[in-house]
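Student: Below is one structure. I have some questions about it.
Read-outs: derived from the displayed coordinates by stated rules, not from any lab. Keep in mind the model is a prediction, meaning the values are calculated, not measured. Here the Cβ positions follow ideal geometry from the backbone for every residue, glycine too, while neighbour counts run over all protein chains shown.
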Amino acid sequence: MSETYYHNMHKVLQVQHLTEHTFVVQFERKEMPFIPGQHLVVGKKGDKEFRQYSIYSGLNDPHFEILVREVETGLVTPKLKQLKPGDELEINGPMGYFTVSEQRCLNHPIVMIATGTGIAPFNSWVKSFPDMNYKMIHGVRKAEEAYGIDRYKKDRFVLCTSQEKSGNFNGRVTDYLQKAYFPSNTLFYLCGNSEMIFDAMELLKDKGLNTNQMFAEVYF
């Protein structure tokens with residue numbers, strides 16, 4: 001399934017604005033198969049500019065969703081922000097290997113670590129595999145950036161806020177990791193900016209965890 005590549009036009013169903021600059025675009029799936037964690041290459045119909053976005057929706061959803069943060073000077077995100085139901089997107093994919101199997105979800109404790117919109121692939125995992133044994137650690141500046149927090153079990157979600165005392169932990173993700181304990185058989189998946197990923201992996205290694213337990217995808 002992961003090796004099948006599609007190129008189609010998909011109609012926009014709705015655009016949900018989460019914050020001033022962050023939004024979810026929902027569009028037709030057209031029964032396209034994918035593996036949770038994969039991404040799509042997305043652009044407005046007729047445009048020459050495209051960007052990669054992790055699939056935000058789950059395997060059982062009849063539609064696709066992507067989580068987008070607007071770059072005001074960007075060539076793609078301002079156009080996506082203005083989309084209306086019925087507009088068409090040009091979609092290529094799915095592609096990528098930042099994936100996890102249902103068997104692995106059930107057989108290992110999994111810690112997912114993200115900053116900002118890097119939470120997108122993990123949202124797809126949790127929606128697709130509701131019985132997975134996980135902890136989600138999400139680093140943001142303010143609590144309003146806790147995208148999709150209601151989709152996670154409260155006792156398995158740690159919100160780290162760096163600019164206000166409104167989450168479960170006041171500070172950066174790396175500050176939380178320094179104080180946290182993890183079983184030795186835990187698998188770690190990291191998605192977000194490269195600085196966080198590098199620092200987090202170094203902290204985990206200092207705790208005696210092996211790099212073959214760590215998997216990462218950088219969001220630019």
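Student: Would you please classify the overall shape of the range 102-218 from the alpha carbon gyration tensor, given that a ≥ b ≥ c denote the square roots of the eigenvalues, rounded means a/c under 1.5, and beyond that prolate means a/b larger than b/c while oblate covers the rest? Write down the numbers at each step before the final one.
Tutor: On the way: a/c = 1.59, a/b = 1.10, b/c = 1.44.
Oblate.
Student: Sort LEU59, LEU83 by Cβ crowding within 10 Å, fewest neighbours at the top. Let's see the in-between values first.
Tutor: Working: LEU59 15, LEU83 19.
So the residues, fewest neighbours to most, are LEU59, LEU83.
Student: If R0 is 30 Å, what FRET efficiency do you get for GLU31 and LEU106 from their C-beta distance, rounded to 0.05? Intermediate results must be reported in sequence, preceding the final value.
Tutor: On the way: r = 26 Å, r/R0 = 0.88.
Efficiency at R0 = 30 Å is approximately 0.70.
Student: Right, something else. Please list the three semi-axes, largest first and in whole Å, of the ellipsoid equivalent to the range 1-62, using sqrt of 5 times the eigenvalues of its alpha carbon gyration tensor. All intermediate terms of the calculation are to be shown ahead of the outcome.
Tutor: On the way: eigenvalues 75, 48, 28 Å².
Ellipsoid semi-axes (Å, largest first): 19, 15, 12.
Student: Still on this structure, please answer the following. Arrange LEU187, LEU40 by Cβ neighbour counts within 10 Å, fewest through most, would you? Intermediate results must be reported in sequence, preceding the final value.
Tutor: Values: LEU187 20, LEU40 24.
Final ranking by Cβ density, sparse to dense: LEU187, LEU40.
Student: Looking at the square roots a ≥ b ≥ c of the eigenvalues of the Cα gyration tensor of the range 43-90, which shape do they give, rounded for a/c under 1.5, prolate if a/b is larger than b/c, or oblate?
Tutor: Values: a/c = 1.98, a/b = 1.52, b/c = 1.30.
Judged from the Cα gyration tensor, the range 43-90 comes out prolate (a/c at least 1.5, a/b above b/c).
Student: Given Cα pairs under 8 Å that are at least 6 residues apart, what percent is the relative contact order of the chain?
Tutor: Values: 476 pairs, mean separation 39.8, N = 220.
So the answer I get is 18 percent.
Student: Same structure, new question: For ASN133 and LYS48 in the same chain, what is the full-extension length gain: residue separation times 0.36 nm, less their Cα-Cα distance, in nm? Please report the intermediate quantities before stating the final value.
Tutor: Values: separation 85, 0.36 × 85 = 30.60 nm, distance 4.14 nm.
Full extension of this stretch gives 26.5 nm more.
Student: Moving on to the next point. In whole Hz, with x marking every Gly and Pro, tabulate ³J(HN,Hα) for the range 29-39 from phi via Karplus 6.51 cos²θ - 1.76 cosθ + 1.60, θ = phi - 60°.
Tutor: Karplus-based 3J(HN,Hα) across the range 29-39 equals 9, 6, 6, 5, x, 7, 10, x, x, 6, 10 Hz.
Student: A further question on this structure: Using the Karplus curve 6.51 cos²θ - 1.76 cosθ + 1.60 with θ = phi - 60°, what ³J(HN,Hα) values do you get for each residue of the range 112-124, in whole Hz, with x for Gly and Pro?
Tutor: So the Karplus estimates, Gly and Pro as x, are 9, 10, 9, 10, x, 6, x, 6, 3, x, 5, 4, 5 Hz.
Student: Give the distance, in whole Å, between the Cα centre of the range 98-138 and the Cα centre of the range 168-219.
Tutor: 14 Å
Student: Enter the angle in degrees (range 0 to 90, nearest 10) between the Cα long axis of helix 194-206 and the first principal axis of the Cα atoms of the chain, meaning the one along which they spread out most.
Tutor: 30 degrees
Student: Same structure, new question: Looking at the chain, send over the antiparallel percent of its DSSP beta bridges, to the nearest 5.
Tutor: Details: 28 of 51 bridges.
The antiparallel proportion sits near 55 percent.
Student: Expressed in nm to one decimal, what extension gain is obtained for the pair LEU13 and LYS79 from 0.36 nm per residue of sequence separation less their Cα-Cα distance? Present the calculation step by step, with values, prior to reporting the outcome.
Tutor: Numbers: separation 66, 0.36 × 66 = 23.76 nm, distance 1.56 nm.
That works out to 22.2 nm of additional length.
Student: Also, quick follow-up: Taking the beta-carbon count within 10 Å as an exposure proxy, list VAL126, VAL24, VAL140 from fewest neighbours to most.
Tutor: Details: VAL126 22, VAL24 19, VAL140 25.
Listing VAL126, VAL24, VAL140 from fewest to most nearby Cβ atoms yields VAL24, VAL126, VAL140.
Student: Let me ask something else. Classify the chain as rounded, prolate or oblate, taking a ≥ b ≥ c as the square roots of the eigenvalues of its Cα gyration tensor: rounded when a/c is under 1.5, otherwise prolate if a/b is larger than b/c and oblate if not.
Tutor: Numbers: a/c = 1.96, a/b = 1.47, b/c = 1.33.
In terms of gyration-tensor shape, prolate.
Student: Pop a pseudo-label 7 angstrom from the Cα along the beta-carbon direction at both GLU90 and ASN168 and give the gap in nm to one decimal.
Tutor: The two pseudo-label positions are separated by 4.2 nm.
Student: Here's something else I'd like to know. Using 0.36 nm per residue of separation minus the Cα-Cα distance, give me the extension gain between THR211 and SER194 in nm, one decimal.
Tutor: Details: separation 17, 0.36 × 17 = 6.12 nm, distance 1.60 nm.
Fully extending the segment from THR211 to SER194 adds 4.5 nm.
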